[in-house]
Amino acid sequence: MTRPWQARSPNDFVGKTARDFFPVPRVELYEALDRQLILNRQPITKEIEVPLAYGTRQHHLVVRFPVVDASGKVTGTGAIT
């Protein structure tokens with residue numbers, strides 16, 4: 001698994017999915033959010049708890065949004081964490 005902070009250029013992200021960067025439980029959450037936003041065509045804002053080393057946790061605010069083409073068709077998803 002690659003860590004996001006190891007990426008050095010935009011090419012490090014091209015063709016990748018969340019599964020290339022995050023542990024499976026978090027990926028499953030992101031994928032569920034993506035399915036919901038594609039279905040509803042609306043952005044989603046959610047606070048998630050992220051486990052860290054030594055049993056500590058951080059809270060992250062995740063914003064996921066549909067990416068649409070000129071005709072309004074959803075062609076992908078975007079995220080800000």
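The values are calculated or read from the model by the stated rules, or taken from the named source; none is laboratory data. Since the model is a prediction, treat every value here as computed from it, not as a measurement. Using ideal geometry, Cβ is built from the backbone for each residue, glycine included, and neighbour counts are taken over all protein chains shown. The protein model used for the area step is the full one, side chains on, heavy atoms only, and it has no ligands, DNA or RNA in it. Shrake-Rupley method; radii C 1.70, N 1.55, O 1.52, S 1.80 Å.
A compact table of results
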| read-out | value |
| --- | --- |
| The chain: equivalent-ellipsoid semi-axes (sqrt of 5 x gyration tensor eigenvalues, Cα, Å) | 24, 17, 10 |
| Environment charge of residue 37, counting only residues whose C-beta is closer than 12 Å and scoring Lys/Arg +1, Asp/Glu -1 | +2 |
| Principal-axis tilt of helix 24-40 within the chain, Cα atoms, nearest 10 degrees | 20 |
| Two-site label geometry, residue 81 and residue 40: point separation in nm, points 7 Å out along Cα→Cβ | 2.1 |
| Residue 50 paired with residue 73, simple spin-label distance in nm, labels 7 Å along Cα-to-beta-carbon | 3.4 |
| Full-extension gain in nm, residue 63 to residue 24, via 0.36 nm per residue minus C-alpha separation | 12.1 nm |
| Environment charge of residue 76, counting only residues whose C-beta is closer than 15 Å and scoring Lys/Arg +1, Asp/Glu -1 | +2 |
| Probe 1.4 Å - accessible area at residue 73, Å² to nearest ten | 130 |
